[in-house]
Amino acid sequence: MPERKIYMDYAATTPVRPEVVEAMLPYFTERYGNPSSIHSFGQDARVAVEEARAKVASLIGARPEEIVFTSGGTESDNFAIKGVAYALRGKGDHIVTSSVEHHAVLETCKSLENEGFKVTYLPVDRYGTVDPEDVRKAITERTILVSVMHANNEVGTVQPIEEISKIAHERGTYFHTDAVQTVGHIKVDVEELGVDLLSTSAHKLYGPKGVGALYIRKGTRIAPFVHGGEQERGRRAGTENVPGIVGFGRAAELARAEYEDEARRLSELRDKLIEGLRERIDYIHLNGHPTRRLPGNVHVTVEFVEGESMLLNLDIEGIAASTGSACSSGSLEPSHVLLAMGLSHELAHGSLRFTMGRWSTEEDVERVLEVLPEVVARLRAMSPLYNVRNAYP
Amino acid sequence: MRDVWSMYSDKVMEHFRNPRNVGVIEDPDGVGHVGNPVCGDIMELYIKVRDGVIVDARFRTFGCGAAIATSSMVTEMVKGKTLEEALEISNRAVAEALDGLPPIKMHCSVLAEEALRSAIEDYMKRKGGQGASSGDGQITS
């Protein structure tokens, strides 16, 4: 039985910080007004929403009026891509994105393809990085949007967004980035990055689930996403998720003050885990960029064993991680990210992701380094592939 | 990157944690080898046959929790059975013996059935078609 549970899946979601919960609570009970109401209850909620908007804007170097609250990262991605596509339909019909985007972007693009839009899915190198020159070559006169994620949610590779957005703008095209994995974790400044649209989500930075934001640079042409009332300047109708938005604001405020130290701490833990795994397990490979990667992300392929069986064994030992193996997805297809990086199906099946965060400690890393080699040894002992390799080196 | 094992029964987890009959049989009477690494599942099943009865079965598997649990279960189920009885073990029977599998994992039980059939087929081939106890040996692949 595990002595205590170790959470190493912060890229999937994070716990809500107690300070955030505390900030949210009054907005469920005493301060329950609808921000659209003119009376004092409504105005109290309105002030809370606008204060939160300013805090989220401040975290990414934006102006408050450039922030639209949404239900999360997926909605923000849908909003950005469909919103620009519909607004610029008369101007063009081509979108450029990468093959390693989150499904929120890829599936949105696919749905637009069904509506007659054309989409180019750019390849990546073996580290999962998009070549800005490929972006330049892909843009045509019909291109209306380039969308490339800031950092990959699986392998943690950070993309050269500044260069890509510069190319997009040189060619007169809008640029969107899915920054769900980076906002609150590394520096994200919409001016430095040069983005027109940026998606973010509260639950990845110790805020609540069900709330996110889309940054829309002033002047960007975009169609409204949800039709109804005048909320969010008519772009995203529906009564605001006031407690969620307040929580997002508080999480953004805390992240702004703390992310730099935290990124440094997590990078050290990350490198310690990577080094330790390499020392203790043979036939193990790091996926993603060795240096341009998210602070808390360790993504490896362990040869001759399958990801889900590693995860199950880790879970039995109280360690929560994640895999890109087909066996743990509904589709029986391994991770599109790993395949795009050139990994064989076989290697993609043996992938394992550990993502660390605020409550991760050196003891957690040591525990993983103690447990995983045993798990791998046990699974390899029953793997027909391991012996095949040993027999024919 | 989805979590799936809350869908597994206690029995699947028990066989996954303590798989029975792991390993190879030196000098086996039949070996079944099914699946491929591209799909993420490979099963190797070894059998020892005496007088038309499977007296020992062992496996090696590369695959998910369900693949390992079904391998373990099928080796338990065939031991002591005649070849005819063994051939009647269906993938559903293996899944049922594990108190069910999630729909997405049913292919693992199919793989276990195929591994067993393939091992018996291999045994028949080695015996030149005369090794089965009763010799009716309708083997389909």
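DSSP beta bridges confined to chain A are antiparallel in about 50 percent of cases. Across region A:265-386, what fraction of all alpha-carbon pairs, as a whole percent, falls in each successive 5 Å bin from zero upward? For region A:265-386, the binned pair fractions read 2, 12, 22, 25, 22, 12, 4, 0 percent. Looking at region A:1-104, which trypsin sites (Lys or Arg not before Pro) are DSSP coil and have at most 11 other C-beta atoms within 10 Å of their C-beta? Sparse-neighbourhood loop trypsin sites (Lys or Arg not before Pro): A:Arg4, A:Lys5. For region A:214-323, the residue among A:Gly276, A:Val298, A:Asn313 whose Cα projects farthest onto the positive side of the dipole built from Cβ charges is A:Val298.
Remark on region B:9-39: accessible area falls by at least 10 square angstrom from chain-alone to full-complex state for B:Met13, B:Phe16, B:Arg17, B:Pro19, B:Val22, B:Pro37, B:Val38, B:Cys39, probe 1.4 angstrom.
Applying 1/(1 + (r/R0)^6) with R0 = 60 Å to the Cβ-Cβ distance of A:Glu30 and A:Asp282 gives a FRET efficiency near 0.50.
Heavy atoms of chains A and B lose about 2600 Å² of accessible surface on contact, summed over both sides with a 1.4 Å probe. Checking the Cα-Cα distances for A:Lys110/A:Lys204; A:Lys137/A:Lys209; A:Lys5/A:Lys209; A:Lys166/A:Lys187 against a 27 Å cut-off, the pairs over it are A:Lys137/A:Lys209. Here region A:187-321 is treated as an ellipsoid with the same Cα gyration tensor; its semi-axes, largest first and in whole Å, are 38, 18, 16.
In this rough spin-label picture, where each label sits 7 Å from Cα along the Cβ direction, the B:Asp27-A:Glu113 distance is 5.8 nm.
Only Lys, Arg, Asp and Glu carry charge here, each on its Cβ (+1 for the first two, -1 for the last two); on that basis the protein assembly as shown has a dipole of about 860 debye about its Cα centre.
The GluC sites (Glu not before Pro) of region A:139-234 that meet both conditions, a loop assignment by DSSP and at most 12 other Cβ atoms within 10 Å of the site Cβ, are A:Glu141, A:Glu230.
Setting aside same-chain residues fewer than 8 positions from B:Lys125, which lysines have a Cα under 21 Å from its Cα? Within the straight-line limit of under 21 Å, B:Lys125 reaches these lysines: B:Lys48, B:Lys79, B:Lys81. As I understand it, the value is the acute angle between the Cα axis of helix A:73-87 and the longest principal axis of the Cα atoms of chain A; what does it come to in degrees, rounded to 10? That helix lies at roughly 50 degrees to the long axis. Put the Cα centre of region A:105-178 next to the Cα centre of region B:1-69 and the gap is 44 Å. Applying a DSSP loop filter and a limit of 10 other Cβ atoms within 10 Å to the trypsin sites (Lys or Arg not before Pro) in region A:170-230 leaves A:Lys218.
Summary: within chain B, the longest segment free of GluC sites (Glu not before Pro) located in DSSP loops with at most 15 other C-beta atoms within 10 Å is B:27-87.
When the Cα positions of A:Ala168, A:Leu122, B:Leu116 are compared along the charge dipole of the protein assembly as shown, A:Ala168 comes out farthest toward the positive end, with charges on each C-beta of Lys, Arg, Asp and Glu.
Cβ-Cβ distance of A:Thr220 and B:Glu85, R₀ of 51 Å, FRET efficiency by 1/(1 + (r/R0)^6): the value works out to about 0.15.
In angstrom, the C-alpha Rg and Dmax of region A:46-179 are 15.2, 48.
The values are calculated or read from the model by the stated rules, or taken from the named source; none is laboratory data. None of these values were measured; they are calculated from a predicted model. Using ideal geometry, Cβ is built from the backbone for each residue, glycine included, and neighbour counts are taken over all protein chains shown. Heavy atoms of the whole protein, side chains included, go into the accessibility calculation; ligands, DNA and RNA do not. Shrake-Rupley method; radii C 1.70, N 1.55, O 1.52, S 1.80 Å.
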